[in-house]
Each structure stands twice: as structure tokens, then as C-alpha cells.
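First comes the structure, then the notes that go with it.
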Amino acid sequence: MENLQVDFKSFFVNSVGNGSKTLFWKEHWIGNDKLCNLFPRLFKLELDPDVSVRERMTLNAEGLFNWKWSRAIPRRAVRELEALVNILSSAKIDNGSVDKVLWSLDLNHGFSVKGLSKVIDDQLLFEFSSHQETIRNTVVPKKVELFAWRAIKKKLPIRVELDNRGIDLHSTRCPLCDDSLESVDHTLIFCSHAREIWERIFKWWNMGSFNYYTINELLVENNHSVPMSSIGNSIWLAIKWIGAYFIWKNRNNKVFRNKAWNGPVALNEIQAISYDWIANRLKGKNMDWLTWISNPAVYLNLV
Ligand SMILES: [Zn+2]
């Protein structure tokens, strides 16, 4: 199973309606295979192998998934459970059973993972076709929009959120600093690792010091004392979304691949990819790379 090559192109659009006619483990309804194949350790612990999606995904009185295990989850299966919940946390069952819920996975490439326990949320991009409320910023790709929306709604599979869903993790502390519980606010704003990246971004944009205390202030309100055109406003908001997106990506690289956190490299990546994305969406607006990395604030007045 080492370096198992997973072809994520085989992820597909599927619909289960309210899930009452689909077998949770034995039918292929989410992910790139049946869940009994993806999570064999967990499947062995399942008390009802023929349980339906609907029944397993129904939350119990405490708001937890309705698991029925034959015994406590052993330590070696905890990563499987974490990965399974990561996948499930993005699926939505339509209890009305009138509309079907569709999701598709938007992935560019297959990638190498050491078993599926390392499937990472940011590579699992689910798009709901149903009437989800969302937020818009036309200068970033859809996946960044979706990430920002999930961050604002606190719908990231972060340790505290998983714990709230009844997943017994060995720790709910921040895997980066170990200084605090791992919440969405902590990871994206208060963690010293995140702040380091924000400070670099704010310095790059000459926007003063990083002074945000809530996700809403940071990713929604866009209050600032610097005058900006309306395009400039979208660009600055986009930079903050991209910053948060990369902080999350680096967190996952650390947690799932044990990659060292590197602030300067992260800033370079943010500069390069944001330039690609934004210049591409503002075709004809005359942007150039050297200005982008040395004095991007001029773009705040772009009209
Ligand atoms: Zn931390």
C-alpha cells in the first residue's frame, strides 16, 4: 500500500437523494471506491454491514454521526476514521428526498498517498449543485471561493470540529504550535504559524500590521483605511482568501505529510499563484510580475 497511486479522476458525480436506498459501505456513492474497500479496518468494526447511507449519516441526539462499532476504535484505525469523516463532512444528505444532492470532485491530477488515511480535505473539493448560499469574488478560482465560504461557516475538518462530531481524536490541540485547541479561528488567525504568514502578506501589500480577531472581519468585511477602487477591493479581498487558503494547505501538508512549515516559501507561492489567478481573470488590465511582487499596492487603484 506504500505510495499507492490513486486516480482521483475516477471521483465522479453521483447522487444518493436521501440515501435510504444506498448501502453506506457496500455501494459506491462517494470517494473513488466503495467505503468498505477504502476503509477496511473500520468496515470490520461495523455492526451492520448493510446499513444505508441515510441511517449512518443521520445525526443522533448529541449531533454525532450514528456509528455502530463492535468495539472502541483502536488507535491504528483512528486515521481511517479521520479521513472518512473528512470525506463525509462535505457530503450532504437531502432529507427531503425531493431534490437529489450532487457533488463532484474537481481534481487536476492523481497524486501519491500512503494509503487513503492521508486523503486531505483541500484536495477533496466538493461542489454542491443545490441551492447553497455562497460568497463571490470573481478574481479567484471557484475552489478558493468555496474554501473561504467553508472557513467563514467554520466547516473545515479541523480537530475541534471533528471532536464535536464525535470523533475521538488523540488530541484536539493545534498540530502546529500545540499551544491551543485547534479551532478554525486559531488555525487561520491566532496560531503563530498563521500570523507569520499574514505579517509577510501585509508587509508585501504595505497594509500595516495584521490586526484581525475574527474570520468575518478578515474574510468578509474587508474594512481597511486604504482607499481602493472596486477592482482593488476585490483584489485585496482575494489576497486574504488566498492567504487563508495557503495557511490551510500548509497545515494539511504538515499534518498529513509531515512537511515543515516554511513562511518565506509560502509567501513566494502565494505571490506566484495569486498573480497567475488574478492577472488571468483581469486580462487586459496590464499587470506585471515585478510590480506585483515589489509594489502591488498600485493595483488597489486599478479601474
Ligand atoms: Zn497553532
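If the condition is being in a loop (DSSP other than H, G, I, E, B), over 30 Å from Gly232 (Cα atoms) and either within 16 Å of the ligand (Cβ to nearest atom) or modelled with pLDDT of 70 or more (or both), then the stretch 129-169 contributes Pro157, Ile158, Leu169. Residues in the stretch 281-290: is at least one at pLDDT below 90 and of a type in the set (Asp, Glu)? Within the stretch 281-290, not a single residue is at pLDDT below 90 and of a type in the set (Asp, Glu).
Name the one entry in Gly63, Gly96 that is within 29 Å of Val160 (Cβ to Cβ), modelled with pLDDT under 60 and among the small types (Gly, Ala, Ser). Even if it seems obvious, please write down each step before you answer.
On the way: Gly96 fails: within 29 Å of Val160 (Cβ to Cβ).
Within the list Gly63, Gly96, the selection yields Gly63.
Within the set Val226, Val220, the sole residue that is over 26 Å from Leu84 (Cβ atoms), part of a helix (DSSP H, G or I) and more than 16 Å from the ligand (Cβ to nearest atom) turns out to be Val220.
Here's the yes/no breakdown for (1) surrounded by fewer than 18 Cβ atoms within 10 Å (Cβ to Cβ); (2) under 20 Å from Glu161 (Cα atoms); (3) at pLDDT below 75:
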| position | (1), (2), (3) |
| --- | --- |
| Val51 | no, no, no |
| Lys68 | yes, no, no |
| Pro74 | yes, no, no |
| Ala77 | no, yes, no |
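For the stretch 194-224, give me each residue that is touching a Gly at 6+ places or on another chain (Cβ under 8 Å) and not aromatic (Phe, Trp, Tyr). Within the stretch 194-224, Glu196, Ile197, Arg200, Ile201 qualify.
Residues in the stretch 237-265 that are of a type in the set (Val, Ile, Thr) and in contact with a Leu (Cβ under 7 Å, 6 or more places away or on another chain): Ile247 only.
Screening Cys191 against (1) over 20 Å from the mean Cα position of the chain (by Cα); (2) within 15 Å of the ligand (Cβ to nearest atom) leaves a single unmet condition, (1).
The values are calculated or read from the model by the stated rules, or taken from the named source; none is laboratory data. Because the structure is a prediction, the values reported are computed rather than measured. As a convention, Cβ positions derive from the backbone with ideal geometry for all residues, glycine included, and neighbour counts pool all protein chains shown.
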